[in-house]
Ligand SMILES: *Cc1c(COP(=O)(O)O)cnc(C)c1O
């Protein structure tokens, strides 16, 4: 490849569109602290995500930590290690203990059949991940949460715009976290949001982003700063205008990958889930019994300046900061998956002929 191909490339509005969006800030001089752009984006996201409440944050990670605080979780939280490290860090940084549950072999989300045996009297919540935009078994998780009186937080960082049976993914569980990082399907450069139904959380959400401030002279809780600024919100307002177009372009790229890799022995593609409207966030491929291992495919592509990523390897339970404390063999499906999965380049602007080249290298490269 003449120019390197990374696993993703940030969607950007036209330069002029962004400039037009931020022009007013030179008059208002209101650059952050729940400004006009921020409030407009919150309300537009309520519409887009079809949820009664959205609280914007400076980034997805702080949103996730704040979700734990907002619900008053304590003790143990059941979660999965096949995710970006943010999920595990959020639990640990709030002083709680992650209890790792295995994932499904077919869609990589939490294995709901293994949750119950991990519940103890210290369990306060389930933090499940809609990994790669694949939807968790939300109905089973809901019934377990009711039975054992647990809170449910979804790490929906990958699932912006996804719906199940026509119902927005943002409306399941107590709170769903979305990341608007530059690498995500919808972004605000850095940014994130919590979507929630409970009106009782509204005051807390405000405080959690803004030093616990409830009003002038009134601070009701200990909290840090996680506010989204006006330049971030302006990027969000621009990108939201083009989100359907971005998702449609990604769909076409995914179709192309599927055409090439669909019927190849030893290559397993991301599942197409029934009744799910996908956002085509990622294109993970599992090499299981293929003539090349995942690591070989990775190297062969890299030699051609194509840079897929080993999402998610290692498991978070295998990372230096956690491996002394956890045994990743306790989640055998996740362990095996993390050794075989490779996430191929996917973004709206990816040229179909580049997809053809990537697939040709996977199918014919590396010698025999
Ligand atoms: C991106 C991501 C996060 C963190 O979001 P940031 O906006 O980067 O802070 C959390 N969880 C998962 C699964 C992610 O992919």
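Just so you know, all these numbers are worked out from the coordinates, no wet-lab data involved. Quantities reported herein were computed from a predicted structural model and do not represent experimental measurements. In this analysis, Cβ positions are derived from the backbone assuming ideal geometry, glycine residues included, and neighbour counts consider all displayed protein chains.
A few comments on the model shown:
- Number of the condition not met by residue 94 [criteria: (1) farther than 22 Å from residue 282 by Cβ; (2) more than 16 Å from the ligand (Cβ to nearest atom)]: (2)
- Among the residues of the range 165-187, those that are more than 9 Å from the ligand (Cβ to nearest atom) and assigned to a loop (DSSP other than H, G, I, E, B) comprise 165, 166, 172, 173, 174, 185, 186.
- Output for the range 272-290, where each listed residue is surrounded by 15 or more Cβ atoms within 10 Å (Cβ to Cβ) and more than 22 Å from residue 9 (Cβ to Cβ): 273, 276, 277, 286, 287, 288, 290
- Residue match in the range 98-110 (condition: within 14 Å of the ligand (Cβ to nearest atom) and assigned to a loop (DSSP other than H, G, I, E, B)): yes
- Filtered by the rule that a residue be within 16 Å of the ligand (Cβ to nearest atom), assigned to a loop (DSSP other than H, G, I, E, B) and touching a strand residue (DSSP E or B) at 6+ places or on another chain (Cβ under 8 Å), the range 189-208 gives a lone residue, 191.
- Restricting the first member to the range 24-45 and to residues that are at positive phi, and the second to residues that are outside any helix (DSSP H, G or I), the beta-carbon pairs closer than 8 Å and six or more apart or on different chains are 33/210; 33/227; 34/210; 34/227.
- Within the range 129-159, being within 15 Å of the ligand (Cβ to nearest atom), in contact with a helix residue (DSSP H, G or I) (Cβ under 7 Å, 6 or more places away or on another chain) and under 19 Å from residue 198 (Cα atoms) holds for 153, 155, 156.
- Some residue of the range 27-37 being closer than 20 Å to residue 231 by Cβ, part of a helix (DSSP H, G or I) and within 16 Å of the ligand (Cβ to nearest atom): no
- For the range 48-82, taking the residues that are in contact with a strand residue (DSSP E or B) (Cβ under 7 Å, 6 or more places away or on another chain), under 29 Å from residue 238 (Cβ atoms) and part of a loop (DSSP other than H, G, I, E, B), the one that is farthest from the ligand (Cβ to nearest atom) is identified as 50.
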